[in-house]
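Remarks on the structure that follows.
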Amino acid sequence: MLEWLQTTHYSEWVRESWGWAFALTIHAFGNATVVGLMFIMGMRLFGFFKTIPYTSLNKLFPFIWVAVLFQFFSGFTLFMSKPPRYVRDGVFDIKFSLVIIGLVLLVYFQKMLKSDAAAWQAEGKVTSKGVRLAAVACIVWAFVIVMGRLTAYLGSLYIA
Ligand code: HEM
C-alpha cells in the first residue's frame, strides 16, 4: 500500500515538480501560526503581555484551526513524497501522535478559555489548572516542532 502510494501521480508531482517546495512553505507558515499563537496564549497565562485581556485570546482560535487544516494538507503532501520511508523511520509516527495529543489539548484549552477567561479577567489572575494546561500544551507543541525537524533530518538514520 505504502509502496503503491509512492507510485501515484501525486507522489511524483511532490518529488519531481514544485509540490515539495509548495507544501514545505505552507508547512512552515502553519508551524508559525499554530505553535506561535499557542505560545502567545501560553505566555499570557504565565503572566506576560498584561495589557491583553484573557477574553480576547479566544479570537486567536479561528486562525489556529484554519492553520491546522493547512498543516494536514501540506503534511500529507510532504508525506506522499516517500511514504514507506516515513513509516519505517518511526520518528514520523511519534511526531504524528504528538500532533494528535496537541490537538486534543488545544480543544480542552479552547473550552477552558471560553468558560473561564471572563472570571480570570475579573479576578486578575488565572487558576493553577489553567496555567498547568497551558504549560503542558506548550511543551507538547514544542516537541511537535522538534520531532518535525527530526522527521526531516534524522529519520533516514533509523533505516537499517
Ligand atoms: C500543527 C501540526 C504540525 C506541525 C506543527 C508540524 C511541524 C513540522 C515541522 C517543524 C517539520 C520540519 C519542517 C522542515 O524541514 O523545516 C515538519 C515536517 C514534516 N511534517 Fe509536519 N507538522 C504538523 C502536522 C503534520 C501532519 C498532520 C503531517 C502528516 C499528515 C505532517 C507531515 C510532515 C512530514 C512528512 C514532514 C517531513 C518533511 C521532510 O521530510 O522534510 N505534519 N512538520
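Each value in this text was obtained by applying a stated rule to the coordinates, not by laboratory testing. Keep in mind that what you see is a predicted model, and the values were worked out from it rather than measured. All Cβ positions, glycine included, derive from the backbone under ideal geometry; neighbour counts span all protein chains shown.
Numbers below:
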| quantity | calculated |
| --- | --- |
| Neighbours by Cβ (under 6 Å, 6+ apart or cross-chain): first from region 119-147, of a type in the set (F, W, Y); second part of a helix (DSSP H, G or I) | W120/Y54; W141/V35; W141/M38; W141/G102; F143/L98 |
| Region 123-156: number of residues that are outside any helix (DSSP H, G or I), on the phi < 0 side of the Ramachandran plot and loosely packed, with under 15 Cβ neighbours inside 10 Å | 3 |
| Unique match (being on the phi < 0 side of the Ramachandran plot and touching a Cys at 6+ places or on another chain (Cβ under 8 Å)) among F61, F39, F29, F79 | F39 |
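To keep it simple, each residue is scored yes or no on (1) more than 9 Å from the ligand (Cβ to nearest atom); (2) out of contact with any Asp or Glu (no Cβ under 7 Å at 6 or more places or on another chain); (3) not acidic (D, E).
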site	(1), (2), (3)
M41	yes, yes, yes
F46	yes, yes, yes
T77	no, yes, yes
K95	no, yes, yes
L103	no, yes, yes
K114	yes, yes, yes
E123	yes, yes, no
V144	no, yes, yes
R149	no, yes, yes
